[in-house]
Each structure stands twice: as C-alpha cells, then as structure tokens.
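The values are calculated or read from the model by the stated rules, or taken from the named source; none is laboratory data. These figures come from a predicted structure and were not determined experimentally. Methodologically, a virtual Cβ is constructed for each residue, glycine included, from the backbone with ideal geometry; neighbour enumeration extends over all protein chains shown.
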Amino acid sequence: MVVSVQLSNAFHCQLDEVVNSTPAFEFMQDGHLTNPIREHIRSIAATLPDIIDAAKQVERLLESPGYAVVRNLVPINIDEERGLRGVACFNALLGSPFHMMESIRLWEPLGVRFDTDSFRANGIGNNPLHIDGVNTTYPPDCLLLLCLRPDPAGGGANVIANLQTAVSKLSESEVIELQQPIFEEGKFFGIVGVGPELRPFAVLTRSEVGTWRVRVSGKMLPVMPPGRPKELITRMVELLDEGRQRVPLSAGEGLYINQYQWAHGREPLGPNQKAINEHRRRHFVQSFIRRTDLAEMPL
C-alpha cells in the first residue's frame, strides 16, 4: 500500500501567499538556496496552518516508512514555472533544497531521450534501482521525483525498494565484503552540494545509530568488468528487486524519498515512444533536499 498525503485547496491558497512574498531565488556555491531565502519562506509559512500541517505529515513519513507520495503537489493547469517555485518553497520547510548539477538550477529534467543508454534516467528502458549520488561523499538525504506528465503509453512507473531490508538478507561474509572500498561508478564533474567524489567507495557504511548508509546502483552493472565486485552489486540489486514496490504517479503528484532507507528506479516506458509527440511524452523533474548538517553525517 502506497503511503500518501493529499493536499487541499486551502494549502495552495496559503502556498500562493508564500510564493508571492518570496524574492527571486538565489543560490550558494554549493547549490543550496541561500539562508536568507529559506528563513524568509519559513517565517511566512509559520503563520499558515495548512502548510505547516502538510510539512509535518511529509516529515513524519520521511522518517517512517521513509517515503511519501504527495497528491496535488502541483495543481493541474497551473503555470509550470510558478508550480515548481511553489514546490521549492514547500521543500524549504523540509530541509535545505539544492541542486547537484552545477549547470542546472534546482530542477533536473527527466524526460525521454533516444540518444542515451536505455537504463539511464532519461532513457526508455528499465532504470535499475539505485540511490542518487552513489559515488559522492555525502549523497542527498532526500529527493523529490515530481510528475508533470506521465507516460501516455502507460509505462514508466516509479519503483522503490527498502535498502535496510535488502542488507538484512545478506550473508555475514557478504556484509563484510560490501564494507570494503573497492567499488567505482560513473564520472564526477560539475557536481555540487554532496562533497568530493568518493572513489573507490564501500557499498555499506555503518552509521552511529546502527543502520547502514547503502551506496548502490544497478546502473553500475552494464559497465562493470567480471569479478567479485560485480557479483556483489548484482546480489544487492537482486535483493532490492525482490522487495520492489510500484509507485505510479499522475500529473502533479510527487514522490519524496529518504535515501537512507529507499532506493528508487523506473519501469520501462511504454511502446512506440518515437511515435508520441515530444510535448506529450513522459516529463518528470527531480530536486534534492539536505535534512542533516554535513558535519553530523556519517560517510
């Protein structure tokens, strides 16, 4: 059963007040909204009960079970730019919104491309379960996948899987091996807000509270050479796939994910994508939220 929050018309009326009173967004070098902008948003929202109630609901769900589907996050027929600005303001109540790509401000587009590997976020095939920022020192705490337009061919449903549950199914020897810094993934350039590249990295790092920081990505597998590291990643992805849950989203709905607890991915898009007008194809955007001070975070 998908855990969800339904936003009311009163919420959006109050969010309009926040949007109208908030100056143009400014960003720090690390990709985060500046502190004065975030504090302004929070001070205005503090007097608006429906917004505060919605933020508390999402915060509780990000703690347990670790994800939340938010219905009516962007109302139908609202101007897209204004809608995204409103969501960014709401995200500022959950933590510190930021972008990872230096060249893309706050909202990274996830569209449909035929000139990239099919397993990539913009590809048309299966996007394997993964966390974002797998090869960074401080992967994003949370991310938001926001549906602006679902796949008209009926594919592309989001999927999630519990990271801690997958780790609990590993053998003792596998846990030991996955704690070794012997894994590498992708390229690292133009990235902000997540610390230096971690290369090589360990898949499993124990936190002070006993849970695991899990750095895993099924997107690593197609380019990994044969050997024990590939066998271990394959094992982790198989365990994640055993517990995967489908989370289809409609236009205007968002999926918030706590990356300490859940991996995410996407099912293949529906057939005949090239026959679909580009303005009707699946269109998502994603953004990131830091909820923990970096100085307090385990690697």
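Listed conditions (1) over 22 Å from Val58 (Cα atoms); (2) at pLDDT 95 or above are all met by Gly210, apart from (2).
For segment 31-48, the tally of residues that are within 21 Å of Leu106 (Cα to Cα) and exposed (fewer than 15 other Cβ atoms within 10 Å of the Cβ) stands at 4. Selection of segment 241-272 for residues being crowded, with 23+ Cβ neighbours inside 10 Å and more than 27 Å from Pro97 (Cβ to Cβ) yields only Leu269.
Checking each residue in segment 103-128 for being in contact with a Phe, Trp or Tyr (Cβ under 9 Å, 6 or more places away or on another chain) and either touching a residue at least 12 places away in the same chain (Cβ under 8 Å) or over 22 Å from Met220 (Cβ atoms) (or both) picks out Arg105, Leu106, Glu108, Pro109, Leu110, Gly111, Ala121, Ile124, Gly125, Asn126, Asn127, Pro128. Only residues that are touching a helix residue (DSSP H, G or I) at 6+ places or on another chain (Cβ under 6 Å) and more than 16 Å from Asn162 (Cβ to Cβ) were counted in segment 233-249, giving 1.
Mind counting the residues in segment 146-160 that are of a type outside the set (Val, Ile, Thr), crowded, with 20+ Cβ neighbours inside 10 Å and not in a loop (DSSP other than H, G, I, E, B)? Going through segment 146-160 one residue at a time, the tally reaches 4. Filtering segment 1-48 to residues that are among the charged types (D, E, K, R) and part of a helix (DSSP H, G or I) leaves Asp16, Glu17, Arg38, Glu39, Arg42.
Only one entry in Arg280, Arg246 is basic (Lys, Arg), more than 21 Å from the chain's Cα centre (by Cα) and farther than 28 Å from Leu33 by Cβ, namely Arg280. All of Gln261, Gln273 fail the test of being within 17 Å of the chain's Cα centre (by Cα) and at pLDDT 95 or above, apart from Gln261. Would you mind stating whether Thr22 is in contact with a strand residue (DSSP E or B) (Cβ under 9 Å, 6 or more places away or on another chain), farther than 29 Å from Ala263 by Cβ and surrounded by fewer than 21 Cβ atoms within 10 Å (Cβ to Cβ)? No, not satisfied. Residue pairs whose Cβ atoms lie under 9 Å apart, sitting 6 or more positions apart in sequence or on different chains, and linking a residue in segment 13-42 that is within 15 Å of Pro97 (Cα to Cα) to a partner that is outside any helix (DSSP H, G or I) and basic (Lys, Arg), are Phe25/Arg105; Phe27/Arg105; Gly31/Arg105; His32/Arg290. Residues in segment 43-69 that are of a type in the set (A, V, I, L, M, F, W, C) and either at positive phi or free of Cβ contacts under 8 Å to residues at least 24 places away in the same chain (or both): Ala46 alone. Filtering Asn72, Asn91, Asn35 for residues that are on the phi > 0 side of the Ramachandran plot and modelled with pLDDT of 95 or more leaves a single hit, Asn72. Residues that are more than 23 Å from Ala202 (Cβ to Cβ), under 13 Å from the mean Cα position of the chain (by Cα) and acidic (Asp, Glu) are absent from segment 143-154.
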